[in-house]
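*Asks:* Starting off with a structure, shown below.
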Amino acid sequence: MTDGPDFLKGTDGLLPAIAQDAQTLQVLMMAWMNQEAYLETLASGYATYYSRSRKKLWRKGEESGHRQRVLQVRVDCDADCILVMVHQTGAACHEGYANCFFRQATSDGLIVDQVRLVNPESVYKNKHDSQRLDSGLPE
């Protein structure tokens, strides 16, 4: 048995974590993990990532309910990238798509080529309402 990911290789101790559907092998998303998120993912059995903007851990689906149950975690040969094999409930993307790669790059720009599964406004309604109240904006 060897050591796990080398978090010293990542900027600010963060490594890219790729979430992949364990059944279809579709790449769902990329997020960041620090050592704490990695260990929490292994301990809880649910994907936990590190938010660079909020500077804290977040468990996928904690607001939307679109959780990622972890079936397997793999580390690449350089120990600087993590693959999280998951069973995805609902949309993986906060934009409401099955995965975060719903746009195809062409010479004319980005083209959305997937169907949106859920309206993000309805999924994150409580979050938007609390932000509106905090900001003093009318409901």
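*Asks:* Of the residues in the stretch 6-20, how many are of a type in the set (Gly, Ala, Ser) and more than 18 Å from Val84 (Cβ to Cβ)?
*Replies:* 0
*Asks:* Pull up the stretch 38-56, narrow it to residues that are assigned to a loop (DSSP other than H, G, I, E, B) and on the phi < 0 side of the Ramachandran plot, then point me to the one that is modelled with the highest pLDDT. Write out each step before concluding.
*Replies:* At the first step, the residues of the stretch 38-56 found to be assigned to a loop (DSSP other than H, G, I, E, B) are 45, 47, 52-55.
Filter once more, keeping what is on the phi < 0 side of the Ramachandran plot: 47, 52-54.
Values: Ala47: 99, Arg52: 96, Ser53: 95, Arg54: 94.
Among them, the one singled out is Ala47.
*Asks:* Next up: What residue, of Gln68, Gln35, is touching a helix residue (DSSP H, G or I) at 6+ places or on another chain (Cβ under 7 Å) and at pLDDT 95 or above?
*Replies:* Gln35
*Asks:* Considering each residue of the stretch 101-121, count those that are in a loop (DSSP other than H, G, I, E, B), of a type in the set (A, V, I, L, M) and either touching a strand residue (DSSP E or B) at 6+ places or on another chain (Cβ under 8 Å) or surrounded by 11 or more Cβ atoms within 10 Å (Cβ to Cβ) (or both), and give that number.
*Replies:* Residues that pass the stated criteria total 2.
*Asks:* Further question on the same structure: All but one of (1) surrounded by fewer than 16 Cβ atoms within 10 Å (Cβ to Cβ); (2) closer than 20 Å to Pro120 by Cα; (3) touching a Phe, Trp or Tyr at 6+ places or on another chain (Cβ under 8 Å); (4) of a type outside the set (Asp, Glu) hold for Arg52, so report the exception by its number.
*Replies:* Evaluating Arg52 over (1) surrounded by fewer than 16 Cβ atoms within 10 Å (Cβ to Cβ); (2) closer than 20 Å to Pro120 by Cα; (3) touching a Phe, Trp or Tyr at 6+ places or on another chain (Cβ under 8 Å); (4) of a type outside the set (Asp, Glu) leaves (2) as the failure.
*Asks:* Name every residue in the stretch 85-139 that is at pLDDT below 75 and aliphatic (A, V, I, L, M), in order of residue number.
*Replies:* Selection gives Leu133, Leu137.
The values are calculated or read from the model by the stated rules, or taken from the named source; none is laboratory data. Since this is a predicted model, take the numbers as computed values, not measurements. A quick note on method: Cβ atoms are made from the backbone with ideal geometry, for glycine too, and the neighbour counts reach across all protein chains shown.
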